[in-house]
Amino acid sequence: MHEVGSTSARYQSVPELPAGTTASLAPISLPGMLHLKTSDGGSLLLKLESVKSPPTLVRSVSGNSPHVFAHTASPKGQAVLALATLDAAAPVASALQLEVLHVNADGTYDDWSAAEGLAYDAAELGPPSAAWLNTYARKDSTFGHRLLVASADHSLQLLQASKEGSQMGWLRPEALAGVRTSELLPLPALAADSDDASSRPSFAFALPSLVESLSTRWADAAAGPASAAGAVSSGPPPAHADSYGFRQAIIATTAAGKVFGLHSTDGSVLWSRLIRAPGDGSAPAALPYLFVCRGGGAPQAVVVAQGEESWGVTALNPFSGKPVADASGGAVGGAGSIVHAVRLDPLAPADGSSRPPVMLVDDKLAVHIYPPTAEAMAAVKSRLGDLYFYLHRPTDGTLTGYAVALDGQKLVARPRWSMSLPPSALGGARAPVTLASFPHAAAVHSPVRVLGDRNVLHKYINRNLLAIGIEHNSDGEFDEPSLQVLLIDTVSGRVVHSVSHAGMRGPLTLLMGENWLVCHFWNPKGLTYQMTVAELFRNSTIADDPIALVLGGGPDYKLRQNGLDGFVHAPPHVLSQGYGFGAPVEAMAVTQTNAGITPKNVLVATVAGQMVLLDKRFLDPRRPLVPGGPTKMTTQDREEGLVPYGNSLGGISPLTVVS
């Protein structure tokens, strides 16, 4: 400690500091007092008499008791310090114990007030992480206190201690600001689907909605057309499916370790659940993977929870958020971390009698199956020759392909191929390597593209195709920057297609479709952003006209012999075009439907925060050059639905931006 006006320092021991721990100064300003945070999570409140005398202990809080301090000034000019301690044994209505200390300007202080219980759900919110205090004067000349509490799940809530008991003003689930993964699932058509698959279906759930609908229609008819035009629906949206499948449940995991169930109609929260870190029940877990497994009755939301030293799997009911009991009798988890996880949809029965298993690979390349049942393990062992995956390690600059194999009675991952990225792809402020792939669960309506002259082009549909974008910075005076895009078969490690864009710069954004690839980058010479599209077709000897396909029956792509062999197939035939685009892009995605019949649209998220809907027809490498304008297009191009080529996609129309 330094005395004002002195250059020398005096060292004083900190009273009751636990052995082997350190302390840091907390940002709380009190007259003549210090608040120290210890390295074991505890707190020490010290009173400073003078530089020459050691500090005295005012309050000590153990690190085993989650707590937060907050301070403010009272209307009388006193400094007010509040201590909120979480009591795990107390009921939710009084789980947070609030104590208040009034400190005078000369450093003297009164006794701590009696503890007041505040309502706090620690199982749902986790321990408190910060607090802010507001002191106000009551009509009876006493002081009341409001406490704004931030929790470990990133939620904010306002609590008020009153003579009538604790009151909660509001609660905001701010964890939704950090969504990491999400899945969509249609709401149940029957109330029985949301709870237990073994319960008998009942249509009684629809009776209140029918009565409410009839009452609303009768009131609108009695009030006349003017009132009906200005009516606004009230109340929560129905928690069951509609005829068109628009009502869906959105299952989302957040960076705070919390899982949410949201209603797609208005975004309201159906349920939420905090997932604890395996091995450390006090801290929230990281949730890197989320899978919705349908079939076998009621669906399940499978969440992979990652702790500092171990991992685990949690299964939830996607409509209520309740944990699902593990019927297999064994839990899936272990030490280390999960480096890869995937839902094995091809192993699920076609009749939907059971859910697909989930395969997890840890950092020791051991393979785990969820659920850990004999049926799931037998299904995986029967398809060992078809299970491949890849791992990208950005820090090492490697891309490695693996195959799942049997080592005794255990499943392991063995490397099959490896690729070293160029030196320019290592390090840097922005990620120099960009990956994109086509979702395995996405539907493909047709394996061919019908042309205007009745011929067909067979699409190069490779579910194992991976697009890799690499940014090469300029190295020296004569080497200009460039972008390189590779298409790699992740089963064999073969480079299917490669292209280089000389003189172009990142950031590079990739979007992979069923047989096409869209790239977005910066053109420094043209001072504009550009989009390129490449569409891949098979060099096939199969009949290329619809009549022959109908008469010959066409190939059955479900059969293994008619599938794409990653080791012996011929390289694809590639068509490509480029266009100017008027905005920088943050991310891109493609619309998907259940059967893949609906025309595709590209969703473009701009850096300015806009969501732009771009028709896929404008990103078509078969767009013809028509010097005379659209009126000079051929009949075949018109019938195919092609759009005349233009070197720019134009500006962003307000009609294509989601408001």
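The values are calculated or read from the model by the stated rules, or taken from the named source; none is laboratory data. Since this is a predicted model, take the numbers as computed values, not measurements. Note that we place each Cβ from the backbone using ideal geometry, even for glycine, and neighbour counts take in every protein chain shown. Accessible surface is based on the protein model in full, side chains and every heavy atom, while ligands, DNA and RNA are left aside. Shrake-Rupley method; radii C 1.70, N 1.55, O 1.52, S 1.80 Å.
Number of residues in the stretch 369-390 that are of a type outside the set (A, V, I, L, M, F, W, C) and open to solvent by less than 30 Å² (accessible area, probe 1.4 Å): the value is 1.
Suppose we keep only residues that are touching a residue at least 60 places away in the same chain (Cβ under 8 Å) and not in a helix (DSSP H, G or I) within the stretch 619-641. Which one would you say is farthest from the chain's Cα centre (by Cα)?
Thr634
Kindly evaluate Thr7 against the criterion of being open to solvent by 70 Å² or more (accessible area, probe 1.4 Å), of a type in the set (S, T, N, Q) and either at pLDDT below 85 or closer than 28 Å to Leu159 by Cα (or both). Answer is yes for this residue.
Restricting attention to the stretch 107-164, the residues that are of a type in the set (Ser, Thr, Tyr), assigned to a strand (DSSP E or B) and without any contact (Cβ under 8 Å) to a residue 40 or more places away in the chain total 2. Thr373 meets each of the listed conditions (1) among the β-branched types (Val, Ile, Thr); (2) closer than 30 Å to Ala431 by Cβ; (3) in contact with a Ser or Thr (Cβ under 8 Å, 6 or more places away or on another chain) apart from (2).
If you go through the stretch 122-170 and keep only what is loosely packed, with under 12 Cβ neighbours inside 10 Å and among the acidic types (Asp, Glu), you end up with Asp140, Glu164. For the condition within 25 Å of the chain's Cα centre (by Cα) and either among the hydrophobic types (A, V, I, L, M, F, W, C) or part of a loop (DSSP other than H, G, I, E, B) (or both), Pro372 does not qualify.
With Pro75, Pro15, Pro31, Pro27 as the choices, which residue is touching a Ser or Thr at 6+ places or on another chain (Cβ under 9 Å), open to solvent by 50 Å² or more (accessible area, probe 1.4 Å) and at pLDDT below 85?
Just a single option satisfies the conditions, and that option is Pro75.
Pick from Ser65, Ser60: which is assigned to a loop (DSSP other than H, G, I, E, B) and either surrounded by fewer than 19 Cβ atoms within 10 Å (Cβ to Cβ) or at pLDDT below 85 (or both)?
None of the other options fit; the residue is Ser65.
Here is the figure for the stretch 340-368: residues that are open to solvent by 20 Å² or more (accessible area, probe 1.4 Å) and not hydroxyl-bearing (Ser, Thr, Tyr) total 17. Of a type outside the set (A, V, I, L, M, F, W, C), in contact with a helix residue (DSSP H, G or I) (Cβ under 8 Å, 6 or more places away or on another chain) and in contact (Cβ under 8 Å) with a residue 24 or more places away in the chain - does that describe any residue in the stretch 372-390? Yes: the stretch 372-390 contains one or more residues that are of a type outside the set (A, V, I, L, M, F, W, C), in contact with a helix residue (DSSP H, G or I) (Cβ under 8 Å, 6 or more places away or on another chain) and in contact (Cβ under 8 Å) with a residue 24 or more places away in the chain. Restricting Arg393, Arg414, Arg463, Arg454 to residues that are modelled with pLDDT of 90 or more, of a type in the set (D, E, K, R) and open to solvent by 20 Å² or more (accessible area, probe 1.4 Å) narrows the list to Arg414.
Restricting attention to the stretch 584-641, and to residues there that are small (Gly, Ala, Ser) and touching a strand residue (DSSP E or B) at 6+ places or on another chain (Cβ under 8 Å), which single residue is farthest from Leu517 (Cα to Cα)? The qualifying residue farthest from Leu517 (Cα to Cα) is Ala605. Restrict the check to the stretch 172-189 and report whether at least one residue is more than 30 Å from Val304 (Cβ to Cβ), modelled with pLDDT under 90 and either out of contact with any Ser or Thr (no Cβ under 6 Å at 6 or more places or on another chain) or open to solvent by less than 60 Å² (accessible area, probe 1.4 Å) (or both). No; the residues of the stretch 172-189 include none that is more than 30 Å from Val304 (Cβ to Cβ), modelled with pLDDT under 90 and either out of contact with any Ser or Thr (no Cβ under 6 Å at 6 or more places or on another chain) or open to solvent by less than 60 Å² (accessible area, probe 1.4 Å) (or both). I want to confirm something. Restricting to the stretch 205-262 and keeping residues that are open to solvent by 30 Å² or more (accessible area, probe 1.4 Å), among the β-branched types (Val, Ile, Thr) and modelled with pLDDT of 65 or more, which single residue is nearest to the chain's Cα centre (by Cα)? In this case the residue turns out to be Ile250.
Is it fair to say Ala301 is open to solvent by less than 10 Å² (accessible area, probe 1.4 Å), assigned to a strand (DSSP E or B), of a type outside the set (D, E, K, R) and more than 21 Å from Ala441 (Cβ to Cβ)?
No; evaluated as a whole, the condition is false for this residue.
Please indicate, with yes or no, whether at least one residue in the stretch 38-45 is part of a strand (DSSP E or B), of a type outside the set (Asp, Glu) and either in contact with a Gly (Cβ under 7 Å, 6 or more places away or on another chain) or open to solvent by 20 Å² or more (accessible area, probe 1.4 Å) (or both). Yes: the stretch 38-45 contains one or more residues that are part of a strand (DSSP E or B), of a type outside the set (Asp, Glu) and either in contact with a Gly (Cβ under 7 Å, 6 or more places away or on another chain) or open to solvent by 20 Å² or more (accessible area, probe 1.4 Å) (or both). Would you please name the residue that is surrounded by the fewest Cβ atoms within 10 Å (Cβ to Cβ), looking only at residues in the stretch 584-618 that are without any contact (Cβ under 8 Å) to a residue 40 or more places away in the chain and part of a loop (DSSP other than H, G, I, E, B)? Here the answer is Gly609.
When the stretch 284-298 is examined, which residues are found to be open to solvent by less than 30 Å² (accessible area, probe 1.4 Å), touching a residue at least 60 places away in the same chain (Cβ under 8 Å) and under 25 Å from Pro127 (Cα atoms)?
Leu287, Leu290
State whether the residues of the stretch 494-515 include one that is open to solvent by less than 20 Å² (accessible area, probe 1.4 Å), at pLDDT below 90, part of a strand (DSSP E or B) and touching a strand residue (DSSP E or B) at 6+ places or on another chain (Cβ under 6 Å). Checked against the condition, which is being open to solvent by less than 20 Å² (accessible area, probe 1.4 Å), at pLDDT below 90, part of a strand (DSSP E or B) and touching a strand residue (DSSP E or B) at 6+ places or on another chain (Cβ under 6 Å), the stretch 494-515 yields at least one hit.
If you filter the stretch 93-121 down to residues that are open to solvent by less than 30 Å² (accessible area, probe 1.4 Å) and either over 30 Å from Asp153 (Cβ atoms) or of a type in the set (Phe, Trp, Tyr) (or both), you find that the one that is modelled with the highest pLDDT is Tyr120.
Would you confirm whether any residue within the stretch 309-322 is touching a Phe, Trp or Tyr at 6+ places or on another chain (Cβ under 7 Å), surrounded by fewer than 21 Cβ atoms within 10 Å (Cβ to Cβ) and assigned to a loop (DSSP other than H, G, I, E, B)? Yes, there is a match, as at least one residue in the stretch 309-322 is touching a Phe, Trp or Tyr at 6+ places or on another chain (Cβ under 7 Å), surrounded by fewer than 21 Cβ atoms within 10 Å (Cβ to Cβ) and assigned to a loop (DSSP other than H, G, I, E, B).
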